[in-house]
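See structure below.
No lab work stands behind these numbers, since they all come straight from the coordinates. Bear in mind the structure is a predicted one, so any value in this text is a computation, not a measurement. Glycine gets a Cβ as well: all are built from the backbone with ideal geometry, and neighbour counts include every protein chain shown.
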DNA sequence: TTGTAGGCGTTATCAA
DNA sequence: TTGATAACGCCTACAA
């Protein structure tokens, strides 16, 4: 049985009150007793019972994250890096991280949020994969539970968030390809209700427009943020009568599948075909050929989100805070190489 | 403010006792009142306060996992898939999953375990990346906290675990390569105190022995379960005076780096050089060329571990249970292709 | 500077 | 079948 504060008190012939205050660093306890208490606590291996503390203080020192895990795609390197960042910073802040998974936009997702909120399991929640209108943001706002998001929805609520300018940076990627002489640039995206899809796709369109390139709906395919989706989409694109000379992807994961498909169909990526991803997933510099991408520091973003959330929970952050992250365009061999060949229909 | 059991009771003019028992499905409450209670609870949106319940019942309905995140390698697809599996099954079992990260074998790792155990944050713990002798297993055994492991240490304790026969299956991989005519087969491993390193490396040695291939220490390099480590190790191996014709890796992550290095140095993987991984990470069929590996169902393994743990926590599993998982050898192009060239020193 | 006492929301014991 | 009551371990007015 773990030792309780009562036993520490008894051991020292002190009251529970004094022990409690000594450990919590109150000023109205003599230095001598504090030392005694600290020592005894360590000796006896006392650690406060979290449930009791939670009940009393009405806070859990725990933050929650529900991985939007769709049936077909339970995990991906982006989420791995994100969770790792959450875990590291949460621990650093003296909090715990509660993780669950639920298919996006499902009943079980909603139940998970309800359980945590009404059951007082968590003090705050981190959201990612935000939708253009997102019921979670409405729900959390209404229930007044602190939360932070990666990317902002269009819902008119006040909350801290991090965001990268997806439109701007996707356009930058298109600039890069247009400058290399590409005329037929494809885009493999995702669910149109996702904020990142809206942003990145409009960056794509804007890029085409600025370089006077025609918009061809045949070159736009909806993937699903997975390698498998990228693979399937690329096979369609590359067997068109007039295939693209460059394929841009909403994320790196999708791009991996594109590389595979291209290779299988005999395209030499970096020479016959340019491929670019987005996100800068750690480790994806080891693709063949290494992948051009827009590198956002996912790990650090996750850490920063936790910081914002903890500040909000502890009341140190009262106003809306909307932080912009500056990613960088990383050009690697998948878009290097010679001028694109002209493909006749 | 969330509604409490007291308010439900008041609303129905019942005692909190009755409400509590009705909701927990005790038999000594009339069917009529049970219905009324259930309905009222739903109407009012009552969900039990977890902290109070934990305090009273002395159990948390939460299981914990501490990701052994070394400074250089915070995350990887293996862990992502593993955590996703834990999350899905934990939720399914009506439990919550608490996640933290700490560098392996560090003071902070130990503190994390202490905090959770003595603070009664979790009812049980999942361990992976087990070491040959593992202090965590000793510690948890001594503190009588239920736990399960992926892979078993040599410590003589009783606990449920899953295991794949790493030695056997690595040998199978060597068989495959030897059958293709490879004579100089390299091995990139990891920290020798890891159980998987011990198993897989001895499988490697056994495989060589059975095919009468000489053991050359130059062909064995210690990596660190990362692509970066694989990359560095492969650069060493491939620039040896007598380089190997095949490189086997302790895991897929390492193999990714090997593919990159080989490509960079102008080796045609699948033709000049065979490369094989181990684990069968989801999505790694999209490498170039697709990677030969031993495929173990990481996602399902994680789910199974949670099942074992929950059974142990709820007392439904009393004896040591040591389950073996059967993986499969998946041969892809990275080891296909023609006979290995003979490299003269 | 220290101690006493009450209560956080729930469940379990016992009596009605 | 139901209800009063006492914990669980901790924190915090308030009193000493």
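Counting only DSSP H runs of at least 4 residues, each contributing -39500 (n - 2.57), and dividing by the residue count of chain A, the helix-based mean residue ellipticity at 222 nm comes to -13000 deg cm²/dmol. Over segment B:151-283, the Kirkwood radius and the radius of gyration, each from Cα atoms, give a ratio Rg/Rh of 0.98.
Ordering of A:81-87, A:178-184, B:90-96 by packing is A:81-87, B:90-96, A:178-184, highest average first (other Cβ atoms within 10 Å, averaged per residue). For residue B:45, the label point sits 7 Å beyond Cα toward Cβ; its separations from the matching points on the remaining copies run 4.3 nm, from shortest to longest. To the nearest 10 degrees, how steeply does helix B:31-44 sit against the main Cα axis of chain B, on a 0 to 90 scale? Computed tilt is about 70 degrees. Between residue B:30 and residue B:157, residue separation times 0.36 nm minus the direct Cα-Cα distance comes to 41.0 nm. First obtain the Kirkwood hydrodynamic radius of segment B:1-50 from its Cα pairs, then insert it into the Stokes-Einstein equation at 25 °C and 0.890 mPa s, and state the resulting D in µm² per second as a whole number. Estimated diffusion coefficient is 232 µm²/s. Each copy carries a label point for residue A:111 at 7 Å from Cα along the beta-carbon vector; from one copy to the others these points are 3.8 nm apart, nearest first. Peptide A:99-109 shows a mean partner chain C-beta count of 3 within 10 Å per residue C-beta. Roughly how many Å is it from the Cα centre of segment A:148-172 to that of segment B:189-249, as a whole number? The two parts, judged by their Cα centres, are 45 Å apart. Highest average first, the peptides A:217-226, B:50-59 ordered by how many other beta carbon atoms sit within 10 Å of their residues are A:217-226, B:50-59. Relative contact order of segment A:75-194, taken over Cα pairs closer than 8 Å and 6 or more residues apart, is 17 percent. Shielding by partners for peptide B:48-57, expressed as the average number of C-beta atoms from other protein chains within 10 Å of each residue's C-beta, is 6.
For the rotational copies A and B, the chain A residue with its Cβ nearest the relating axis, together with that separation in Å, is A:80, 2. When all alpha carbon pairs of segment B:221-345 are counted in 10 Å bins from zero, the resulting P(r) reads 13, 37, 24, 14, 8, 3, 0 %. Distance between the 7 Å Cα→Cβ label points at residue B:336 and residue B:220: 3.2 nm. Which shape class, rounded, prolate or oblate, goes with segment B:172-238 when its Cα gyration tensor gives a ≥ b ≥ c as root eigenvalues, a/c under 1.5 marks rounded, and past that a/b bigger than b/c marks prolate? Oblate. With both labels modelled 7 Å from their Cα along Cα-to-Cβ, the residue A:15 to residue A:39 distance reads 2.4 nm. Between the beta carbons of residue B:172 and residue A:193, assuming R0 = 35 Å, the FRET efficiency works out to 0.15 to the nearest 0.05. For segment A:56-127 versus segment A:270-320, the spacing of their alpha-carbon centroids is 18 Å. For segment A:43-140, the spread of Cα coordinates along the three principal axes comes to 50, 29, 20 Å, biggest extent given first. In terms of its C-alpha gyration tensor, the protein assembly as shown comes out oblate, because a/c is 1.5 or above while a/b does not outweigh b/c. Summary value for chain A: 16 percent relative contact order, contacts being C-alpha pairs under 8 angstrom separated by 6+ residues.
In the assembly of identical copies, residue B:57 has its label point, taken 7 Å from Cα in the direction of the beta carbon, separated from the corresponding points by 2.4 nm (ascending, one decimal). Take the Cβ atoms of residue B:268 and residue B:206, set R0 to 41 Å, and the FRET efficiency comes out at 0.90. Between helix B:166-179 and chain B there is an angle of about 30 degrees, using the helix long axis and the longest principal axis of the Cα atoms. Here the label points at residue A:92 and residue B:213, each 7 Å from Cα along the C-beta direction, are separated by 4.4 nm in the simple model.
The mean number of partner chain beta-carbon atoms within 10 angstrom of a residue's beta-carbon across peptide B:257-270 is 2. Averaging the sequence gap over all C-alpha pairs within less than 8 Å and six or more residues apart, then dividing by the number of residues, gives segment B:15-94 a relative contact order of 16 percent. The angle separating the long axis of helix B:195-210 from the principal Cα axis of greatest extent in chain B is about 30 degrees.
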